[in-house]
Amino acid sequence: MNTKAQISVEFLISIILVMLLFGFALFFYTEKNTEFINVQQTSEAQGTAQKLARTINEIHSAGNGVETKLYLNEIQGFDFNIEVSQNKVRVYWKDNFTSYALTTKNTQYFYGEASTVWVKNENNRIVVKYA
Amino acid sequence: MRENGQIFTTDLMIASAIFISILLMGIVYWNTTTNQISFHEEANERDEAIRYAANSLVSTQGDPSNWEYLIEISEINSIGLVSQKNVLDQQKIQKLIDFNITNYEEIKELLGITKYNLQILFTDFNGMVYYEFGLAPGIENEVSVTRRVALLEGKEILIKVKAWK
(Lines give C-alpha, C1' and ligand atoms only; values in the text may rest on other atoms or scores of the structure.)
Protein backbone atom coordinates (compact mmCIF):
# COMPACT_ATOMS: atom_id res chain seq x y z
CA MET A 1 0.00 0.00 0.00
CA ASN A 2 2.82 2.31 0.92
CA THR A 3 4.52 1.73 -2.45
CA LYS A 4 1.27 2.27 -4.36
CA ALA A 5 0.64 5.53 -2.54
CA GLN A 6 4.08 6.79 -3.57
CA ILE A 7 3.32 6.05 -7.22
CA SER A 8 0.02 7.93 -6.99
CA VAL A 9 1.73 11.04 -5.58
CA GLU A 10 4.26 10.92 -8.42
CA PHE A 11 1.43 10.48 -10.88
CA LEU A 12 -0.43 13.47 -9.44
CA ILE A 13 2.67 15.64 -9.56
CA SER A 14 3.32 14.53 -13.13
CA ILE A 15 -0.26 15.32 -14.14
CA ILE A 16 -0.06 18.76 -12.53
CA LEU A 17 3.22 19.41 -14.33
CA VAL A 18 1.76 18.30 -17.66
CA MET A 19 -1.32 20.46 -17.07
CA LEU A 20 0.86 23.47 -16.26
CA LEU A 21 2.88 22.91 -19.41
CA PHE A 22 -0.29 22.51 -21.44
CA GLY A 23 -1.74 25.69 -19.88
CA PHE A 24 1.43 27.65 -20.64
CA ALA A 25 1.57 26.36 -24.22
CA LEU A 26 -2.12 27.21 -24.71
CA PHE A 27 -1.62 30.71 -23.29
CA PHE A 28 1.39 31.25 -25.57
CA TYR A 29 -0.52 30.01 -28.61
CA THR A 30 -3.58 32.19 -27.87
CA GLU A 31 -1.48 35.29 -27.24
CA LYS A 32 0.65 34.86 -30.36
CA ASN A 33 -2.38 33.98 -32.48
CA THR A 34 -4.14 37.22 -31.43
CA GLU A 35 -0.93 39.15 -32.05
CA PHE A 36 -0.56 37.50 -35.45
CA ILE A 37 -4.12 38.46 -36.46
CA ASN A 38 -3.49 42.07 -35.34
CA VAL A 39 -0.20 42.20 -37.26
CA GLN A 40 -1.92 40.77 -40.35
CA GLN A 41 -4.78 43.31 -40.21
CA THR A 42 -2.42 46.23 -39.56
CA SER A 43 -0.17 45.11 -42.37
CA GLU A 44 -3.06 44.82 -44.86
CA ALA A 45 -4.47 48.21 -43.84
CA GLN A 46 -1.01 49.80 -44.10
CA GLY A 47 -0.54 48.18 -47.51
CA THR A 48 -3.81 49.65 -48.76
CA ALA A 49 -3.03 53.14 -47.37
CA GLN A 50 0.49 52.97 -48.76
CA LYS A 51 -0.69 51.90 -52.21
CA LEU A 52 -3.16 54.79 -52.46
CA ALA A 53 -0.72 57.33 -50.96
CA ARG A 54 2.06 56.19 -53.31
CA THR A 55 -0.24 56.62 -56.32
CA ILE A 56 -1.42 60.06 -55.19
CA ASN A 57 2.19 61.22 -54.66
CA GLU A 58 3.22 59.92 -58.08
CA ILE A 59 0.24 61.56 -59.80
CA HIS A 60 1.02 64.80 -57.97
CA SER A 61 4.67 64.78 -59.12
CA ALA A 62 3.68 63.78 -62.65
CA GLY A 63 1.71 66.99 -63.14
CA ASN A 64 -1.58 68.31 -64.40
CA GLY A 65 -3.79 66.01 -66.45
CA VAL A 66 -2.25 62.73 -65.38
CA GLU A 67 -4.61 60.01 -64.18
CA THR A 68 -4.49 56.34 -63.31
CA LYS A 69 -6.82 53.58 -62.25
CA LEU A 70 -5.93 51.75 -59.07
CA TYR A 71 -7.18 48.43 -57.79
CA LEU A 72 -7.37 48.28 -54.03
CA ASN A 73 -7.12 44.75 -52.69
CA GLU A 74 -10.04 43.63 -50.63
CA ILE A 75 -8.89 43.11 -47.10
CA GLN A 76 -10.04 39.69 -46.04
CA GLY A 77 -11.92 39.16 -42.81
CA PHE A 78 -12.50 42.71 -41.59
CA ASP A 79 -14.20 45.93 -42.58
CA PHE A 80 -12.19 49.03 -43.26
CA ASN A 81 -12.80 52.59 -44.41
CA ILE A 82 -10.54 54.79 -46.47
CA GLU A 83 -10.34 58.54 -46.10
CA VAL A 84 -8.20 61.04 -47.96
CA SER A 85 -8.14 64.31 -46.10
CA GLN A 86 -5.75 67.18 -46.80
CA ASN A 87 -2.31 65.56 -46.98
CA LYS A 88 -3.15 62.25 -45.32
CA VAL A 89 -4.50 58.91 -46.44
CA ARG A 90 -6.10 57.08 -43.54
CA VAL A 91 -7.42 53.55 -43.34
CA TYR A 92 -9.71 52.87 -40.39
CA TRP A 93 -10.65 49.44 -39.05
CA LYS A 94 -12.24 48.47 -35.73
CA ASP A 95 -10.79 51.01 -33.25
CA ASN A 96 -7.55 51.46 -35.16
CA PHE A 97 -6.31 53.52 -38.03
CA THR A 98 -3.14 53.82 -40.03
CA SER A 99 -2.12 56.85 -42.03
CA TYR A 100 0.28 57.84 -44.77
CA ALA A 101 1.43 61.36 -45.48
CA LEU A 102 1.02 62.93 -48.91
CA THR A 103 3.14 65.56 -50.62
CA THR A 104 0.10 67.76 -51.30
CA LYS A 105 -2.81 69.09 -49.26
CA ASN A 106 -4.85 69.82 -52.36
CA THR A 107 -6.88 66.60 -52.48
CA GLN A 108 -10.51 65.78 -53.04
CA TYR A 109 -11.93 62.42 -52.08
CA PHE A 110 -15.31 61.00 -53.04
CA TYR A 111 -16.50 58.24 -50.73
CA GLY A 112 -17.45 54.99 -52.41
CA GLU A 113 -17.64 51.23 -52.12
CA ALA A 114 -15.95 49.84 -55.22
CA SER A 115 -12.52 48.24 -55.15
CA THR A 116 -11.25 50.33 -58.07
CA VAL A 117 -10.47 54.04 -57.83
CA TRP A 118 -9.46 56.72 -60.29
CA VAL A 119 -6.71 59.06 -59.17
CA LYS A 120 -6.50 62.23 -61.28
CA ASN A 121 -4.45 65.39 -61.22
CA GLU A 122 -6.87 68.17 -62.14
CA ASN A 123 -5.02 71.51 -62.10
CA ASN A 124 -2.79 70.30 -59.26
CA ARG A 125 -5.78 69.06 -57.26
CA ILE A 126 -5.62 65.31 -56.73
CA VAL A 127 -9.07 63.84 -57.14
CA VAL A 128 -9.75 60.32 -55.87
CA LYS A 129 -13.00 58.89 -57.15
CA TYR A 130 -14.35 55.33 -57.08
CA ALA A 131 -14.82 53.76 -60.49
CA MET B 1 7.75 -0.02 -7.95
CA ARG B 2 9.47 2.92 -6.27
CA GLU B 3 12.37 2.84 -8.78
CA ASN B 4 9.91 2.66 -11.70
CA GLY B 5 8.13 5.71 -10.37
CA GLN B 6 11.39 7.62 -10.08
CA ILE B 7 12.38 6.74 -13.64
CA PHE B 8 8.98 7.88 -14.90
CA THR B 9 9.31 11.24 -13.11
CA THR B 10 12.89 11.81 -14.33
CA ASP B 11 11.81 11.08 -17.90
CA LEU B 12 8.98 13.54 -17.54
CA MET B 13 11.28 16.17 -16.08
CA ILE B 14 13.74 15.82 -18.96
CA ALA B 15 10.91 15.88 -21.51
CA SER B 16 9.41 18.97 -19.85
CA ALA B 17 12.80 20.72 -19.80
CA ILE B 18 13.27 20.02 -23.51
CA PHE B 19 9.73 21.16 -24.28
CA ILE B 20 10.13 24.39 -22.28
CA SER B 21 13.51 25.05 -23.95
CA ILE B 22 11.97 24.67 -27.41
CA LEU B 23 9.04 26.86 -26.43
CA LEU B 24 11.34 29.56 -25.03
CA MET B 25 13.50 29.44 -28.16
CA GLY B 26 10.30 29.84 -30.19
CA ILE B 27 9.29 32.92 -28.17
CA VAL B 28 12.76 34.50 -28.51
CA TYR B 29 12.86 33.74 -32.26
CA TRP B 30 9.36 35.17 -32.75
CA ASN B 31 10.23 38.40 -30.93
CA THR B 32 13.55 38.81 -32.77
CA THR B 33 11.88 38.26 -36.14
CA THR B 34 9.04 40.68 -35.30
CA ASN B 35 11.56 43.35 -34.25
CA GLN B 36 13.60 42.87 -37.43
CA ILE B 37 10.49 43.14 -39.61
CA SER B 38 9.42 46.34 -37.79
CA PHE B 39 12.91 47.84 -38.20
CA HIS B 40 13.02 47.12 -41.95
CA GLU B 41 9.43 48.30 -42.48
CA GLU B 42 10.22 51.56 -40.71
CA ALA B 43 13.35 52.08 -42.81
CA ASN B 44 11.43 51.34 -46.02
CA GLU B 45 8.66 53.73 -45.04
CA ARG B 46 11.22 56.47 -44.29
CA ASP B 47 13.05 55.85 -47.59
CA GLU B 48 9.80 56.06 -49.50
CA ALA B 49 8.68 59.26 -47.73
CA ILE B 50 11.86 61.14 -48.68
CA ARG B 51 11.79 59.77 -52.22
CA TYR B 52 8.35 61.31 -52.77
CA ALA B 53 9.38 64.53 -51.01
CA ALA B 54 12.45 64.81 -53.27
CA ASN B 55 10.33 64.12 -56.36
CA SER B 56 7.86 66.78 -55.32
CA LEU B 57 10.71 69.29 -54.84
CA VAL B 58 12.39 68.77 -58.21
CA SER B 59 9.34 67.90 -60.33
CA THR B 60 6.69 70.40 -59.29
CA GLN B 61 6.37 74.16 -58.92
CA GLY B 62 4.38 73.74 -55.74
CA ASP B 63 0.76 74.61 -55.25
CA PRO B 64 -0.02 77.41 -55.79
CA SER B 65 2.81 77.84 -58.26
CA ASN B 66 3.68 81.25 -56.78
CA TRP B 67 3.79 79.97 -53.20
CA GLU B 68 7.11 81.73 -52.61
CA TYR B 69 5.27 85.07 -52.56
CA LEU B 70 2.71 83.98 -49.96
CA ILE B 71 3.14 85.09 -46.38
CA GLU B 72 0.85 82.57 -44.67
CA ILE B 73 2.11 79.02 -44.87
CA SER B 74 -1.46 77.74 -44.38
CA GLU B 75 -2.21 78.97 -47.92
CA ILE B 76 0.38 76.60 -49.40
CA ASN B 77 -0.87 73.19 -50.53
CA SER B 78 2.44 71.69 -51.62
CA ILE B 79 6.08 72.64 -51.94
CA GLY B 80 7.98 72.46 -55.21
CA LEU B 81 11.22 74.22 -56.04
CA VAL B 82 11.32 74.26 -59.82
CA SER B 83 10.14 76.66 -62.50
CA GLN B 84 10.14 73.76 -64.94
CA LYS B 85 11.02 70.13 -64.34
CA ASN B 86 14.51 69.84 -62.74
CA VAL B 87 15.24 73.57 -63.19
CA LEU B 88 15.39 75.10 -59.73
CA ASP B 89 13.96 78.50 -58.92
CA GLN B 90 16.28 80.40 -56.58
CA GLN B 91 13.43 82.43 -55.05
CA LYS B 92 11.57 79.27 -54.10
CA ILE B 93 14.73 77.85 -52.51
CA GLN B 94 15.28 81.08 -50.59
CA LYS B 95 11.68 81.05 -49.36
CA LEU B 96 12.10 77.45 -48.19
CA ILE B 97 15.26 78.42 -46.29
CA ASP B 98 13.42 81.40 -44.74
CA PHE B 99 10.71 79.05 -43.49
CA ASN B 100 13.35 76.97 -41.71
CA ILE B 101 13.33 79.15 -38.60
CA THR B 102 9.62 79.81 -38.32
CA ASN B 103 7.81 76.91 -40.00
CA TYR B 104 10.03 73.83 -39.94
CA GLU B 105 7.23 71.53 -38.74
CA GLU B 106 4.74 72.84 -41.33
CA ILE B 107 7.23 72.34 -44.15
CA LYS B 108 7.83 68.76 -43.01
CA GLU B 109 4.08 68.20 -43.06
CA LEU B 110 3.76 69.68 -46.55
CA LEU B 111 6.49 67.33 -47.76
CA GLY B 112 4.82 64.31 -46.11
CA ILE B 113 7.61 63.80 -43.57
CA THR B 114 5.70 64.56 -40.39
CA LYS B 115 7.09 61.58 -38.49
CA TYR B 116 10.76 62.30 -39.10
CA ASN B 117 13.39 64.96 -38.75
CA LEU B 118 14.43 66.49 -42.02
CA GLN B 119 17.46 68.04 -43.67
CA ILE B 120 17.67 69.25 -47.28
CA LEU B 121 21.09 70.17 -48.63
CA PHE B 122 21.81 71.89 -51.93
CA THR B 123 25.43 71.18 -52.80
CA ASP B 124 27.79 70.96 -55.73
CA PHE B 125 29.38 67.63 -56.65
CA ASN B 126 32.37 68.36 -54.40
CA GLY B 127 30.11 68.68 -51.36
CA MET B 128 30.14 72.48 -51.09
CA VAL B 129 26.85 73.53 -49.51
CA TYR B 130 24.94 76.39 -51.17
CA TYR B 131 21.72 76.18 -49.17
CA GLU B 132 20.60 74.15 -46.18
CA PHE B 133 17.17 73.50 -44.73
CA GLY B 134 16.32 71.69 -41.50
CA LEU B 135 18.38 70.04 -38.82
CA ALA B 136 21.61 68.07 -39.03
CA PRO B 137 21.36 64.39 -38.09
CA GLY B 138 23.51 62.99 -35.29
CA ILE B 139 25.99 60.20 -36.00
CA GLU B 140 23.91 57.84 -33.86
CA ASN B 141 20.81 58.27 -36.06
CA GLU B 142 19.66 55.81 -38.67
CA VAL B 143 19.40 58.19 -41.63
CA SER B 144 17.67 57.71 -44.96
CA VAL B 145 19.16 59.73 -47.81
CA THR B 146 17.93 60.35 -51.33
CA ARG B 147 19.67 62.44 -53.98
CA ARG B 148 18.40 64.33 -57.00
CA VAL B 149 20.30 66.31 -59.62
CA ALA B 150 18.83 69.60 -60.82
CA LEU B 151 19.87 72.81 -62.54
CA LEU B 152 20.32 76.06 -60.66
CA GLU B 153 21.21 79.05 -62.83
CA GLY B 154 22.51 76.72 -65.52
CA LYS B 155 24.71 74.80 -63.11
CA GLU B 156 24.13 71.18 -62.06
CA ILE B 157 23.66 70.80 -58.33
CA LEU B 158 22.88 67.96 -56.00
CA ILE B 159 19.87 67.97 -53.70
CA LYS B 160 20.22 65.65 -50.73
CA VAL B 161 17.12 64.93 -48.68
CA LYS B 162 17.79 63.23 -45.34
CA ALA B 163 15.28 61.91 -42.82
CA TRP B 164 15.66 60.18 -39.49
CA LYS B 165 13.71 59.57 -36.31
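Just checking, which of B:Asn126, B:Asn44 is exposed (fewer than 13 other Cβ atoms within 10 Å of the Cβ), of a type in the set (S, T, N, Q), modelled with pLDDT under 95 and not in a helix (DSSP H, G or I)? Working first, answer last.
Numbers: B:Asn44 fails: not in a helix (DSSP H, G or I).
After applying the criteria, what remains is B:Asn126.
Under the condition of being of a type outside the set (Asp, Glu) and not in a loop (DSSP other than H, G, I, E, B), which residue from the range B:129-143 is farthest from B:Ala163 (Cα to Cα)?
Per the stated criteria, the residue is B:Tyr130.
A:Glu31: charged (D, E, K, R) and in contact with a Phe, Trp or Tyr (Cβ under 8 Å, 6 or more places away or on another chain), yes or no?
So A:Glu31 fails the test.
Condition test on B:Glu75, is it modelled with pLDDT under 95, within 12 Å of chain A (Cβ to nearest Cβ), under 23 Å from A:Lys88 (Cα atoms) and surrounded by fewer than 17 Cβ atoms within 10 Å (Cβ to Cβ)?
When the stated conditions are applied, B:Glu75 passes them.
Residue by residue, here is whether (1) within 14 Å of chain A (Cβ to nearest Cβ); (2) loosely packed, with under 14 Cβ neighbours inside 10 Å; (3) touching an Asp or Glu at 6+ places or on another chain (Cβ under 9 Å); (4) β-branched (Val, Ile, Thr) holds:
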position	(1), (2), (3), (4)
B:Trp67	yes, no, yes, no
B:Leu70	yes, yes, no, no
B:Tyr130	no, no, yes, no
B:Lys155	no, yes, yes, no
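One line per residue, one yes/no per condition, for (1) of a type in the set (D, E, K, R); (2) within 9 Å of chain A (Cβ to nearest Cβ); (3) touching a Gly at 6+ places or on another chain (Cβ under 8 Å):
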| residue | (1), (2), (3) |
| --- | --- |
| B:Glu42 | yes, no, no |
| B:Glu48 | yes, yes, no |
| B:Pro64 | no, yes, no |
| B:Gln90 | no, no, no |
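Please work out which residue is surrounded by the fewest Cβ atoms within 10 Å (Cβ to Cβ), limiting yourself to the range B:82-98 and to residues that are in contact (Cβ under 8 Å) with a residue 40 or more places away in the chain and outside any helix (DSSP H, G or I).
So the residue we want is B:Asn86.
The values are calculated or read from the model by the stated rules, or taken from the named source; none is laboratory data. Just so it is clear, the structure is predicted and the values come from calculations on it, not from any experiment. So basically every Cβ, Gly included, is an ideal-geometry build from the backbone, and we count neighbours across all protein chains shown.
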